[in-house]
Amino acid sequence: MTCHFRRRYLAVAAAALAAALTSGAGSAQTYPDRNVRIIVPYAPGGPTDITGRLLSLKLSEQLGKQFYVENVPGVGGNIGMARAAQAAPDGYTILFAASPLAVAPVLYEKVPFDPVKDFEPVTLAVKSPALLTVHPSLPAKSVKELVALINANPGKYAYASPGIATPPHLLGELFRLSLKLDIVHVPFNSGGLAIGSAVAGHTPISFGASAPAVPHVQDGKLRALALTGKKRSPGIPDVPTMSEAGYPAIEGEAWFAAVVPAGTPKDIVALLHREIVKALSHPDVKDHVTKLGFESVGSTPAELAETIKSDAVKWGKVIRDAGIKPR
């Protein structure tokens, strides 16, 4: 009788294991069978939100279920990022994050998530360099002339950025620290406001995103001195990179990426990676992204993981050396 029950127990256990394996193996085959939430940890209307909504539309078309954006702003994106980290790892919650994801643990004394341990990377979707511009009233027509001007007038000049610890701010501080410049940082609550201040001449120097600055450059209201990326931008092909201008150490880019909660099945991560890369390759998406001043990337998950780790080291040092604190 004991052997009979033992055989029965083993048969039931084997059946349960087979069912579990079959369910796991088929997860990507049936995914998605309901709507998928994309958390954007910032308010509507910003570059993360715009890009996330653009991708959500394409993913909905490609996969036949609605991918919808849920904006969860607050504390520099930490509230939304924490909510995503705590979501079920089933593929039905995606975090569309910006580069501050990498530096949050350095910037804040305590954050309710770990950017490496709590997320599975999917893809770095798009990236964008910062643009160094000056008001036309400044005599500087190159980065070297700007550096000389600042050094000749210590404490006189200020530069605008879209906000504390944003990529343009960190690049501005890298510029200030590495060249030992006496220049003041003036943060704004958006890239548009920062550029507006530069156009008005209130803060005659600006590190900001390309998108809000390029129209003013083309209209002659701002002078573009250099981009912080590795190559020139098609929208402003005459503007050199910082490396070409003689400052290769002042390099870095903002990026927007898709990650999912840690533990999400690998086959679903692979499916999402494939579909997001496919969406980014659509001509209309590429055109829209280019108009925003961004570059489509579609990296591998491993490449995104490396970007998050390397940015945490590089920009973490800038944050500590500059004494940057959140508001």
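From the list GLU253, GLU306, the lone residue that is at negative phi, among the charged types (D, E, K, R) and surrounded by 21 or more Cβ atoms within 10 Å (Cβ to Cβ) is GLU253. The set of residues in the stretch 135-162 being surrounded by 24 or more Cβ atoms within 10 Å (Cβ to Cβ), at pLDDT 95 or above and in a strand (DSSP E or B) consists of TYR159, ALA160. Taken over the stretch 281-304, the residue count meeting the criterion of being in a helix (DSSP H, G or I) and under 13 Å from the mean Cα position of the chain (by Cα) is 1.
When each of ALA258, ALA224 is tested for being closer than 25 Å to ALA302 by Cα, of a type in the set (A, V, I, L, M) and either buried (at least 19 other Cβ atoms within 10 Å of the Cβ) or not assigned by TED's automatic domain parsing to the domain that holds THR93 (or both), the lone residue that passes is ALA258.
From the list GLY172, GLY229, exactly one residue is surrounded by 19 or more Cβ atoms within 10 Å (Cβ to Cβ), at negative phi and in a loop (DSSP other than H, G, I, E, B). Which is it?
Working: GLY172 fails: in a loop (DSSP other than H, G, I, E, B).
Result of the check over GLY172, GLY229: GLY229.
Given the residues SER190, SER210, SER243, SER233, which is the only one that is touching a residue at least 24 places away in the same chain (Cβ under 8 Å), polar (S, T, N, Q) and outside the structural domain of THR166 (by TED's automatic domain parsing)? Spell out how you get there, then give the answer.
Working: SER190 fails: outside the structural domain of THR166 (by TED's automatic domain parsing); SER210 fails: outside the structural domain of THR166 (by TED's automatic domain parsing); SER243 fails: touching a residue at least 24 places away in the same chain (Cβ under 8 Å).
Just a single option satisfies the conditions, and that option is SER233.
Scanning the stretch 46-71 for residues that are over 15 Å from the mean Cα position of the chain (by Cα) and not in a helix (DSSP H, G or I) returns GLY64, LYS65, GLN66, PHE67, TYR68, VAL69, GLU70, ASN71. Remark: pairs (first residue in the stretch 65-88, on the phi < 0 side of the Ramachandran plot; second residue among the basic types (Lys, Arg); Cβ separation under 6 Å; 6+ apart in sequence or on different chains) = VAL69/ARG53; GLU70/ARG37; VAL72/ARG83.
The values are calculated or read from the model by the stated rules, or taken from the named source; none is laboratory data. On a predicted model such as this, the values are computed, not experimentally measured, just so you know. Here the Cβ is made from the backbone with ideal geometry for all residues, glycine too, and neighbour counts use every protein chain on show.
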